[in-house]
Amino acid sequence: MLTAIVGINWGDEGKGRMVDLLSKDFDIVCRYQGGNNAGHTVINERGKFILNLLPSGILREGVVCVMGPGMVVDIRHLAGEMARLREAGIRITPENLKISDRAVITMPYNVAQDCLEEERLADKKFGSTKRGIAPVYADKYLKKAFRMGELLDPERLKKRLPDIVEWKNLTLVGAYGAKPVTVEEMFEYFRTYGEPLKEYICDVGLYLNEAHKAGKNIMLEAQLGALRDIDYGIYPYTSSSNNLAAYGPIGAGVPNLKMDKTIGIMKAYSSCVGEGPFTAEYFGEKAEKLRTAGGEYGAATGRPRRVGPFDAVASKYGVRCQGADEIALTKLDILSGYEELEVCVGYELDGKILTEFPFPNVLEDCKPVFKKLKGWNCDISKCRRAADLPQEAIDYIRFIEKACECRVRYVSVGAERDAYVEL
Ligand code: GDP
C-alpha cells in the first residue's frame, strides 16, 4: 500500500504530528520533495522534536525512513539534525534511514544566494526561509547541481566541481558583488558532511519496490501544502517543488507505483507564513488572539505566522489538487471558547462572489466573505471519541466536509500523539 499524507492549505497544518501518529501503521515513511525549509514539530513520549529534513517516521522504532530523489538535502544541516536526534536517544542507522542517490545537494552558495536575493529585494522580499531552496532547485533544472550519489565517487565529483564553481561565481560576484567560493572550500564541504552519509546513500527506488512487492505499507510524507505547490499554488509565493500527492511516487523514487490513498491534513483555521496573498487573513486583536492560542510561530524560522479563519474556498481547491480521499483536521481545540466562529465561504472580486479558487493573480484584490457558525464553550482537548465532542464542534466538522466535498476521518485536539478523535 502506498499512502500519501499531504497538506491541504499553506503548510504548517500539523503534518508532522499526524505522520507521527499514523506511522504506527506503516513500515516505511518517505519524504518526496523539499528540503530543510520544512519544520515538522512532533511531540511524543520521547520529547519534542523539530524535523527539517528527516521524515517524521524516524521517531518510531521499526519504521524505515527514506529521503527521496525529489528532495534537496543540505548535508551540513542534516548532520546537525541527526546529531540532535541521537543526543535525544533516537537511533539512526543505514537500516532505518535511506537517502536517495538522486536527491540533490543544497550547497552553501545556494544558501548565500537565497540571502543575497532577499537582501536585494529589501521591502519587496518574498519571505524566503533562506535555506537555499529556490536556488538549489533552479540549479537542478539548469543541470548544474550535485546529487547525493556523487558523494560516493569523490574523484569524479572533483572533476565536475571547478566548472560549476566558476559558473556560480559569475552570479555571486558578478550579480551580487559577493565573495567568490573556491573549489577547495566546496570539496571540503562535501568531504566533511558527505563522508559520514555515504553508507546511507542508495537507490531508494529499488528498495521501495522490493518493499512494496513484499507487502510493506509505505507512507509518502509531504512538506508544505497544496497552495505552496510550484505549479498549482499561489505562484510566485510558492515553494520551489511539487508537493502534491500525484508527484509523490516520482519524488519518492517509485514512478511505477500508483497511490492507493491520500490523506489530506487540514487545519481547523488558516495560517500562512511569509509574503503573498492570504484572502481570509485576520488583523489586529482578532489575529493576535488566534495566533497566541494556536502558537503560530514558524518551526523553522520562529517567524509569527499570519492567521485567519477556516477558508472553504482555498481548502476545497487544496482537497481537489491533492485528490484527498479523507481529511485529518488538526488543531480543532484551538477554536474552543469562541461564541461564534467565522469561516470564509467566498471571495468578493469586482462585485462578484467567487466560490472556486481563482487564478492567483487576482487574489490580492479579493475580499473575504465570512459566515458565522456556532462555537463551543468548552475544552475539547480531552475528547477521544466522537461522542465526547460538543454538537457545535461536530457541526463545524460537518460544515467542512460539505464545503470541501471530502470526509473528515481524524480530528486532532492536541499536539500529543494520542490527542485525537477518529470519526
Ligand atoms: P507541520 O509543518 O505541518 O508539521 O506543522 P507545524 O509543526 O509547523 O505546526 C503544527 C504545530 O501545532 C506543532 O507545534 C504541533 O505540535 C501543534 N499541533 C499539531 N496538531 C495540534 C492540535 O491538534 N492541537 C494543538 N493544540 N496543537 C497541535
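The values are calculated or read from the model by the stated rules, or taken from the named source; none is laboratory data. None of these values were measured; they are calculated from a predicted model. Quick reminder, even Gly has a Cβ in these numbers, built from the backbone with ideal geometry, and neighbours come from all protein chains shown. Accessible surface is based on the protein model in full, side chains and every heavy atom, while ligands, DNA and RNA are left aside. Shrake-Rupley method; radii C 1.70, N 1.55, O 1.52, S 1.80 Å.
The table below gives the values:
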read-out: Members of segment 328-342 that are open to solvent by 20 Å² or more (accessible area, probe 1.4 Å) and either within 11 Å of the ligand (Cβ to nearest atom) or in a loop (DSSP other than H, G, I, E, B) (or both); value: K331, D333, I334, S336, G337, Y338, E339
read-out: Of all residues making up segment 1-17, the number that are surrounded by 24 or more Cβ atoms within 10 Å (Cβ to Cβ) and either more than 10 Å from the ligand (Cβ to nearest atom) or hydrophobic (A, V, I, L, M, F, W, C) (or both); value: 5
read-out: Number of the exception - T355 against (1) in contact with a helix residue (DSSP H, G or I) (Cβ under 7 Å, 6 or more places away or on another chain); (2) surrounded by 15 or more Cβ atoms within 10 Å (Cβ to Cβ); value: (2)
read-out: A415 vs. criteria modelled with pLDDT under 95, small (G, A, S), surrounded by 17 or more Cβ atoms within 10 Å (Cβ to Cβ) and within 16 Å of the ligand (Cβ to nearest atom); value: yes
read-out: Number of the condition not met by L220 [criteria: (1) more than 28 Å from I397 (Cα to Cα); (2) at pLDDT 95 or above]; value: (1)
read-out: Unmet requirement for E405, which otherwise passes all of (1) open to solvent by 90 Å² or more (accessible area, probe 1.4 Å); (2) touching a residue at least 40 places away in the same chain (Cβ under 8 Å); (3) on the phi < 0 side of the Ramachandran plot; value: (3)
read-out: Enumeration of residues in segment 135-181 that are buried (at least 18 other Cβ atoms within 10 Å of the Cβ), among the hydrophobic types (A, V, I, L, M, F, W, C) and within 28 Å of the chain's Cα centre (by Cα); value: V136, A145, F146, M148, L151
read-out: Of all residues making up segment 86-108, the number that are crowded, with 16+ Cβ neighbours inside 10 Å and modelled with pLDDT under 95; value: 1
read-out: Every residue from segment 97-108 that is more than 21 Å from the chain's Cα centre (by Cα) and part of a loop (DSSP other than H, G, I, E, B); value: D101
read-out: Residues (within 13 Å of the ligand (Cβ to nearest atom), buried (at least 24 other Cβ atoms within 10 Å of the Cβ) and either free of Cβ contacts under 8 Å to residues at least 40 places away in the same chain or not in a strand (DSSP E or B) (or both)) located in segment 24-41; value: N36, N37, A38
read-out: Odd one out for I400 among (1) outside any loop (DSSP other than H, G, I, E, B); (2) open to solvent by 80 Å² or more (accessible area, probe 1.4 Å); value: (2)
read-out: Members of segment 376-412 found to be under 18 Å from G318 (Cα atoms), more than 12 Å from the ligand (Cβ to nearest atom) and touching an Asp or Glu at 6+ places or on another chain (Cβ under 8 Å), listed by number; value: C406, R407, V408, R409
read-out: Selection from segment 58-68 of residues that are open to solvent by less than 10 Å² (accessible area, probe 1.4 Å) and either part of a strand (DSSP E or B) or within 13 Å of the ligand (Cβ to nearest atom) (or both); value: L59, C65, V66, M67
read-out: Single condition E45 does not satisfy, out of (1) surrounded by fewer than 24 Cβ atoms within 10 Å (Cβ to Cβ); (2) without any contact (Cβ under 8 Å) to a residue 40 or more places away in the chain; value: (2)
read-out: Matching residues in segment 328-363 - criterion: being polar (S, T, N, Q), more than 30 Å from K261 (Cβ to Cβ) and in contact (Cβ under 8 Å) with a residue 24 or more places away in the chain; value: S336
read-out: Residue match in segment 367-386 (condition: hydrophobic (A, V, I, L, M, F, W, C), crowded, with 21+ Cβ neighbours inside 10 Å, outside the structural domain of Y247 (by TED's automatic domain parsing) and assigned to a helix (DSSP H, G or I)); value: no
read-out: Counted residues, segment 297-327 - those being at pLDDT 95 or above and within 10 Å of the ligand (Cβ to nearest atom); value: 0
read-out: Cβ-Cβ under 6 Å pairs, at least 6 apart or on other chains, segment 1-23 side without any contact (Cβ under 8 Å) to a residue 12 or more places away in the chain and more than 18 Å from A246 (Cβ to Cβ), far side near the ligand (Cβ under 9 Å from one of its atoms) and of a type in the set (D, E); value: none
read-out: Residue list for segment 143-198, restricted to those being in a loop (DSSP other than H, G, I, E, B) and among the polar types (S, T, N, Q); value: T182
read-out: Residue selected from segment 109-128 under the condition in a loop (DSSP other than H, G, I, E, B) and open to solvent by 40 Å² or more (accessible area, probe 1.4 Å), by the criterion nearest to Y200 (Cα to Cα); value: F126
read-out: Filter result for E184 (open to solvent by 10 Å² or more (accessible area, probe 1.4 Å) and either at positive phi or over 29 Å from the mean Cα position of the chain (by Cα) (or both)); value: yes
